[in-house]
1. Kindly sort Ile13, Ile107 by accessible area of their heavy atoms, largest first, with the probe set to 1.4 Å.
2. Please compute the length gained on full extension between Ala77 and Ser54, using 0.36 nm multiplied by the number of residues separating them and subtracting their Cα-Cα distance.
3. Under a plain spin-label model, where a point goes 7 Å from the Cα along Cα-to-Cβ, how far apart in nm are Tyr19 and Lys7?
4. Normalised by the number of residues in the chain, what is the relative contact order in percent for Cα pairs under 8 Å and 6+ residues apart?
5. Taking the Cβ of His101 as the center, what net charge do the other residues with Cβ under 9 Å away carry, scoring Lys and Arg +1 and Asp and Glu -1?
6. Give me the extension gain from Met85 to Lys44: residue separation times 0.36 nm, minus the current Cα-Cα distance, reported in nm with one decimal.
7. Please give the solvent-accessible surface of Asp2 in Å², to the nearest 10, using a probe radius of 1.4 Å with every protein chain present.
8. So what's the angle, to the nearest 10 degrees on a 0 to 90 scale, between helix 57-73 and the longest Cα principal axis of the chain?
Amino acid sequence: MDCLFCKIIERKIPAKIVYEDEHVLAFEDVNPQAPVHILVIPKKHISTSLEITSDDNELLGLMYQAANKIARDRNVAERGFRLVMNCNREAGQTVFHIHLHLLGGRILHWPPG
Ligand code: 5GP
Ligand code: ZN
């Protein structure tokens, strides 16, 4: 399968990995939009949010727990941070392997653009 993030999981493409466990990987976004911009992904390939099923209930919880740990480690937990998952074209999804954007370290405006 020709998936950029699966290749990062398989170490075929380099990334600055900040967290890894059996089910989840997290790495620095190559084009950061905030002082902290990390992508949290499942090791299972799921192409969009719409493909999440009840089989993935635990996996999604693990992604959020990993994101929380990273937010604390980066000292943005108390200040505030944002977790975003874009779905499909109009939301700006460009990589079709689901990922939580963990954004923090600056004031994040609302609504997003
Ligand atoms: P999306 O637009 O799908 O919500 O988010 C994809 C994110 O992946 C973007 O923020 C983009 O900067 C990031 N990205 C794209 N290619 C690479 C890459 O090769 N390495 C890393 N670390 N991030 C990438
Ligand atoms: Zn993938």
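1. Largest to smallest exposure gives the sequence Ile107, Ile13.
2. 5.4 nm is the gain from fully extending Ala77 to Ser54.
3. Label-label distance for Tyr19 and Lys7, simple model: 2.6 nm.
4. Relative contact order for the chain comes out at 30 percent.
5. Summing Lys/Arg as +1 and Asp/Glu as -1 gives 0.
6. Details: separation 41, 0.36 × 41 = 14.76 nm, distance 1.59 nm.
In short, 13.2 nm is gained.
7. Number for this one is 140 Å².
8. Computed tilt is about 40 degrees.
The values are calculated or read from the model by the stated rules, or taken from the named source; none is laboratory data. Bear in mind the structure is a predicted one, so any value in this text is a computation, not a measurement. Cβ atoms come from the backbone with ideal geometry, glycine included; neighbour counts cover every protein chain shown. We work out accessible area using only protein heavy atoms, side chains counted, and drop any ligands, DNA or RNA first. Shrake-Rupley method; radii C 1.70, N 1.55, O 1.52, S 1.80 Å.
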